[in-house]
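Below: the structure, in structure tokens.
The values are calculated or read from the model by the stated rules, or taken from the named source; none is laboratory data. These figures come from a predicted structure and were not determined experimentally. Cβ atoms come from the backbone with ideal geometry, glycine included; neighbour counts cover every protein chain shown.
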Amino acid sequence: MSGETAPRLRAAGDSAPGEGGRPADRRQAILEAVRTHGAASVAELAARFDVTYQTIRRDLRTLEDQGLLHKGFGGAFASPGVAHHTHDERHTIQVAVKRQLVAALEEFLVPGATIFVGLGTTFDSLHEILARHPGVLIATPNLEVAHSCALKTDATVYVYGGYVRNKDSSVLTIADDSRQRFKFDVAVIGASAIDREGTVQEFDPMEVDLVRSILPHARQVILVAHSEKFERRAPHVVTQLANVDVLITNGDPAIRFDDPATLAALRVITLD
């Protein structure tokens, strides 16, 4: 991990300092913290449990050996294939706002378009507007999008193959020639976090790998993100806003960035 200070992990029900507890209990708490926040530093965990850095490093090594997380320099990251929040948890967040954000995609759904749709519950309602636009091809690792568009529209739907993330509707794809199969008119992506430097981030490196491989094959890249995604942090970089053509969001995104020029090169569509 970088030298950046990790987010505070203390929450209701957390152990207080000095309560390192049994190793098994401490490791379970460490795992829950990493999964909740996407990453955690050794220093933060050592302070929380009032144990030495060496103890935390041993805990992280044990959890990594069990395939439950990934150790990094100075900390740990959530293991690929583990959802930061389950689909059901995320599905109920900002439902009305997400539907409005997706509705703003309608102008880009021209007949015969080839469109990549990324992961995330933001796109669960895409079929509602896609039904009005015939002849579209959708390529996606998003099982919810694939299912609803295949059953409720006349779109041709292509699903990337791989592992289904536990308690989620996301396919964590395996790199193969299918990633170069299409030239996309539009690539529509979401984000787990967008920091003040304009870095688009995700928690799962397997999810990042697919999106990175798709973006060079898209004529236009559209990022759809509700306001709560700004100023969050996640460990893996997807792209920079400088590489995005259109940002669809709610609220005023300009106040979210240190450099006013961050949004200068892209079109911003905001909800009323």
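Of all residues in segment 161-172, one or more are of a type in the set (Val, Ile, Thr), surrounded by 21 or more Cβ atoms within 10 Å (Cβ to Cβ) and in contact (Cβ under 8 Å) with a residue 24 or more places away in the chain. For segment 130-138, the criterion of being in contact with a Leu (Cβ under 7 Å, 6 or more places away or on another chain) and closer than 15 Å to residue 191 by Cα is met by no residue.
Residues of segment 216-272 that are more than 22 Å from residue 104 (Cα to Cα), over 16 Å from the mean Cα position of the chain (by Cα) and surrounded by fewer than 14 Cβ atoms within 10 Å (Cβ to Cβ): 216, 258, 259, 260, 261. Any residue at all in segment 61-71 that is modelled with pLDDT under 90, farther than 17 Å from residue 235 by Cα and of a type in the set (Gly, Ala, Ser)? Taking every residue of segment 61-71 in turn, at least one turns out to be modelled with pLDDT under 90, farther than 17 Å from residue 235 by Cα and of a type in the set (Gly, Ala, Ser). Yes or no: residue 269 assigned to a strand (DSSP E or B) and in contact with an Asp or Glu (Cβ under 8 Å, 6 or more places away or on another chain)? In short, no. Is it the case that segment 194-204 has a residue that's touching a Ser or Thr at 6+ places or on another chain (Cβ under 8 Å), surrounded by fewer than 13 Cβ atoms within 10 Å (Cβ to Cβ) and assigned to a loop (DSSP other than H, G, I, E, B)? Checked segment 194-204: at least one residue is touching a Ser or Thr at 6+ places or on another chain (Cβ under 8 Å), surrounded by fewer than 13 Cβ atoms within 10 Å (Cβ to Cβ) and assigned to a loop (DSSP other than H, G, I, E, B).
Restricting to segment 50-59, name every residue that is part of a helix (DSSP H, G or I) and over 17 Å from residue 35 (Cβ atoms). Hits for segment 50-59 are 53, 54, 55, 57, 58. Hey, does segment 85-99 have a residue that's modelled with pLDDT under 85, basic (Lys, Arg) and either outside any helix (DSSP H, G or I) or exposed (fewer than 15 other Cβ atoms within 10 Å of the Cβ) (or both)? Looking for residues that are modelled with pLDDT under 85, basic (Lys, Arg) and either outside any helix (DSSP H, G or I) or exposed (fewer than 15 other Cβ atoms within 10 Å of the Cβ) (or both), one finds none in segment 85-99, hence no.
Residue 151: farther than 13 Å from residue 214 by Cβ, modelled with pLDDT under 90, outside any loop (DSSP other than H, G, I, E, B) and in the same structural domain as residue 105 (by TED's automatic domain parsing), yes or no? Judged against the criteria, residue 151 is not a match.
Kindly indicate which of 116, 123 is under 16 Å from residue 178 (Cβ atoms), in contact with a helix residue (DSSP H, G or I) (Cβ under 8 Å, 6 or more places away or on another chain) and modelled with pLDDT of 95 or more.
On inspection, the qualifying residue turns out to be 116.
Could you please let me know if residue 177 is acidic (Asp, Glu) and over 18 Å from residue 125 (Cα atoms)? Taking the combined requirement at face value, the residue satisfies it.
Go through segment 221-256 and count every residue that is under 15 Å from residue 202 (Cα atoms) and part of a loop (DSSP other than H, G, I, E, B). Total satisfying the criteria: 7. Cβ separations smaller than 8 Å between residues 6+ apart or across chains give the following pairs from segment 181-204 residues that are closer than 21 Å to residue 105 by Cα to residues that are polar (S, T, N, Q) and surrounded by 22 or more Cβ atoms within 10 Å (Cβ to Cβ): 190/122.
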